[in-house]
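A short write-up of the structure that comes next.
The values are calculated or read from the model by the stated rules, or taken from the named source; none is laboratory data. Keep in mind that what you see is a predicted model, and the values were worked out from it rather than measured. Here the Cβ is made from the backbone with ideal geometry for all residues, glycine too, and neighbour counts use every protein chain on show.
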Amino acid sequence: MDPRATSILPQCRNLIGEVVHRPVRCDARQEYPKQDHRWYAKQQQEFEAAGCRLLGDYRYVGSTPSATDHMRCFVRALVSPDSFTGVVLYRAHPPLWQKIVLFFIPGVKQVRKVRDCESFVSDGTSVTTSIVSPSSVLDTPPHESRRFLPARISSAELLEEHRRHVAEWCAKEAGRSLLPLHTVEDFYNFDFAMQQRTQRYRKGHGGMTVAEIARIARCSEMEAQAIQRDIIAGLQAG
């Protein structure tokens, strides 16, 4: 096996693994007493001023530590007046060693304060407008549309930009319609289903596409195709 395939293989295993973390409601004040609840309240008030209403708070649980465990945070969800846009708020508090690592990764520092707008579409696709700049070498899957905006944008502007983003996405294919979000369970169930679809997509590529492998391994597309074959063989061998 190509040494480059050996180094990428563990990442691919993680990308195609089954979704093991499920979101559950949480009592944020009780379970996260050291969180910056003022920040959550301020962001909530801004979105409520734009017409949104609160759905609730949740975190991810599973057999292993989840992202919310690692970042010591919970997620606050709101929904737009028309119920077609969900708002995700979370402020990550990674331990000191993770802060040091994240500091040296370009574009990641802003991930600690997140405001996302998300909409789910009848054809199984999703639309996300975020203030978090992309920091991953992985491409956005074709069933997701992601747009990144400056962190300084106001909540009202973020919602308006998301509406335009959704309109453009839905106009690309006839028959696309938005799915309403009435409860926090609706929100995270749609999100969970999207994670599952993304993992199925990645499984079809052995974890990573040829373009992603070429970018990571810094090689030609032909070399990346050979590396991908090695990765798929390694995955099949267990």
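Overview of values
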read-out: Subset of the range 23-70 that is more than 27 Å from ALA156 (Cα to Cα) and modelled with pLDDT under 80 - its residue that is surrounded by the most Cβ atoms within 10 Å (Cβ to Cβ); value: SER66
read-out: Hey, ARG76 among the charged types (D, E, K, R), modelled with pLDDT of 90 or more, in contact with a strand residue (DSSP E or B) (Cβ under 6 Å, 6 or more places away or on another chain) and crowded, with 18+ Cβ neighbours inside 10 Å or not; value: yes
read-out: Neighbours by Cβ (under 8 Å, 6+ apart or cross-chain): first from the range 168-182, of a type in the set (Phe, Trp, Tyr); second part of a loop (DSSP other than H, G, I, E, B) and surrounded by 11 or more Cβ atoms within 10 Å (Cβ to Cβ); value: TRP169/THR125; TRP169/ARG176
read-out: Residue selected from the range 213-238 under the condition within 11 Å of ASP2 (Cα to Cα), of a type outside the set (Gly, Ala, Ser) and touching a Lys or Arg at 6+ places or on another chain (Cβ under 9 Å), by the criterion surrounded by the most Cβ atoms within 10 Å (Cβ to Cβ); value: ILE227
read-out: Any chance ASP186 is farther than 29 Å from ARG115 by Cα, charged (D, E, K, R) and in a helix (DSSP H, G or I); value: no
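So that you can scan it fast, the table gives a plain yes or no per residue for (1) part of a strand (DSSP E or B); (2) under 18 Å from GLN195 (Cα atoms); (3) at pLDDT below 85:
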residue	(1), (2), (3)
PRO94	no, no, yes
LYS99	no, no, yes
GLY107	no, no, yes
VAL114	yes, no, no
CYS117	yes, yes, no
ASP123	no, yes, no
THR128	yes, yes, no
PRO134	no, yes, yes
